[in-house]
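Participant: Sending over a structure as structure tokens; questions will come in a sec.
Values quoted throughout were computed directly from the atomic coordinates according to the rules given, and no laboratory measurement underlies them. Please read all numbers here as calculations on a predicted model, not as lab measurements. FYI the Cβ positions are ideal-geometry reconstructions off the backbone, even for glycines, and counts take in every protein chain you see.
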Ligand SMILES: [Zn+2]
């Protein structure tokens with residue numbers, strides 16, 4: 001997130017450049033501009049052209065679904081207000097923050113309707129925008145209310161997983177790079193977190209959104225989640241945070257254990273390792289063990305070079321000095337020995353150590369290693385506070401041009417960020433092709449078409465989002481009906 005420049009530090013409504021003066025009621029200028037975005041230009045660029053971004057906001061971003069998703073209801077508290085039919089406080093008191101092309105960061109914006117939000121986005125043409133909490137008062141009016149009474153009251157529980165935290169355990173890419181291979185680390189993180197959040201916490205409405213480059217966000221919209229105070233959010237993070245200590249720590253997993261008996265892992269971790277909470281030690285494979293073999297040992301071959309295997313040796317039980325020294329001299333003598341073979345060496349030594357030492361010393365250390373190399377590495381700070389701002393779904397990543405699309409956690413392993421995330425340039429090429437084929441009318445008709453995305457590769461992603469929003473709205477209605485029945489039941 002850029003350094004926060006509060007909107008109070010800036011002119012409140014900076015006048016947009018004249019050629020971007022677009023108003024919902026006056027589309028003429030935009031259509032003229034849109035006509036100027038000729039195909040050659042679209043072919044050449046995917047990212048930074050402000051007119052292309054503006055057209056994306058105007059024609060393709062699914063505003064109404066963003067509204068439904070945040071509002072969580074269609075018949076809100078203030079139906080009486082004709083200006084905002086259906087908008088509840090979940091929307092009208094919600095903070096939106098904009099990052100403009102000049103890096104200015106405008107916070108505390110709020111809107112009565114999604115049309116108003118869209119109009120402001122078209123006026124500002126931000127590089128991206130972020131979503132914050134629902135406040136006790138409308139964020140834009142915060143100066144008119146007492147400081148102490150302006151506070152966040154509700155917010156989706158969010159998680160952020162970023163490839164940055166995997167740099168020391170991936171060998172295929174570094175820095176800002178990402179490929180299908182290292183996406184595997186993100187995929188297993190999603191698989192395990194999704195399961196823990198549903199099974200251990202009972203959450204149902206999870207939205208996983210590709211961050212546009214090399215990470216993923218999760219938004220939980222269950223009513224029970226949204227109203228959790230910060231200390232409850234911290235408790236959830238504490239439960240889910242297994243990898244700790246940052247880049248400098250050698251051993252990042254420190255689970256309570258015993259030196260004399262087999263340790264009891266908490267059921268969520270046992271399920272992630274072995275596939276079932278009742279699994280007998282090592283009897284079956286869960287997502288983490290599978291990922292350890294497939295990704296860490298076979299694909300990434302993390303322990304092949306000296307840096308990799310010395311790190312592994314440092315994680316073995318320190319009391320086993322003799323065994324560790326033997327492994328080290330063997331591996332130093334065979335520089336080409338694969339990670340899979342090295343892990344096999346460790347298993348062989350552990351098996352020969354006798355049942356007691358295998359159970360109390362070797363197995364816990366090996367499980368900790370598997371966890372350290374595969375368990376989700378979450379950015380804990382993002383999840384701990386209600387008022388943390390997070391990039392909205394369907395915005396465009398300014399560096400890659402990729403749209404932050406919702407993903408299906410059940411198909412997360414198949415996703416390839418390089419080829420499956422639509423770029424803004426591809427979307428307009430799709431739209432141009434549809435126009436040429438006569439499927440969509442020219443630009444003039446487009447402006448009244450709220451589902452222009454249907455003619456682009458954005459379609460399956462918006463449809464997934466629509467289904468997600470419908471389920472949330474249905475839940476809210478059912479809860480209300482339940483409440484109404486309760487009040488009649490005296
Ligand atoms: Zn990679």
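Participant: For labels at residue 479 and residue 255 in the simple 7 Å Cα→Cβ model, what's the distance in nm?
Facilitator: Placing both labels 7 Å beyond Cα along the Cβ direction yields 3.3 nm.
Participant: Per the Debye formula with a single identical scatterer at each Cα and no solvent contribution, what log10 I(q)/I(0) holds for the stretch 145-261 at q = 0.13, 0.16, 0.21 Å⁻¹?
Facilitator: Here the Debye-derived log intensity ratios amount to -0.66, -0.92, -1.24.
Participant: Along each of the three principal axes of the Cα atoms of the stretch 248-374, give the extent in whole Å, ordering the values from largest to smallest.
Facilitator: Sorted from largest, the Cα extents of the stretch 248-374 read 41, 31, 30 Å.
Participant: Here is a follow-up. State the extension gain, in nm to one decimal, for the chain segment bounded by residue 305 and residue 414, taking 0.36 nm per residue of separation less the distance between their alpha-carbons.
Facilitator: Numbers: separation 109, 0.36 × 109 = 39.24 nm, distance 2.86 nm.
That works out to 36.4 nm of additional length.
Participant: From the convex hull of the Cα coordinates of the stretch 354-469, what is the mean projected area in square nanometres?
Facilitator: Working: hull surface 48.3 nm².
Spelled out: convex hull of the Cα atoms, projected over all directions, averaged, 12.1 nm².
Participant: Go through 299-308, 216-225 and give me the packing order, highest mean Cβ count within 10 Å leading.
Facilitator: On the way: 299-308: 17.9, 216-225: 21.4.
Ranked from most to least packed, the peptides come out as 216-225, 299-308.
Participant: Still on this model: Over the stretch 308-437, what is the relative contact order in whole percent, taking alpha-carbon pairs under 8 Å and six or more residues apart? Show your work: numbers first, answer last.
Facilitator: Details: 55 pairs, mean separation 20.2, N = 130.
This gives 16 percent for the stretch 308-437.
Participant: A further question on this structure: Points 7 angstrom from Cα along the Cβ direction at residue 332 and residue 351: gap in nanometres?
Facilitator: If labels sit at residue 332 and residue 351, their model points lie 2.7 nm apart.
Participant: Using every Cα-Cα pair within the stretch 93-138, state what percent have a distance larger than 16 Å. Can you show the working numbers first?
Facilitator: Numbers: 350 of 1035 pairs.
Value for the stretch 93-138: 34 percent of Cα pairs lie more than 16 Å apart.
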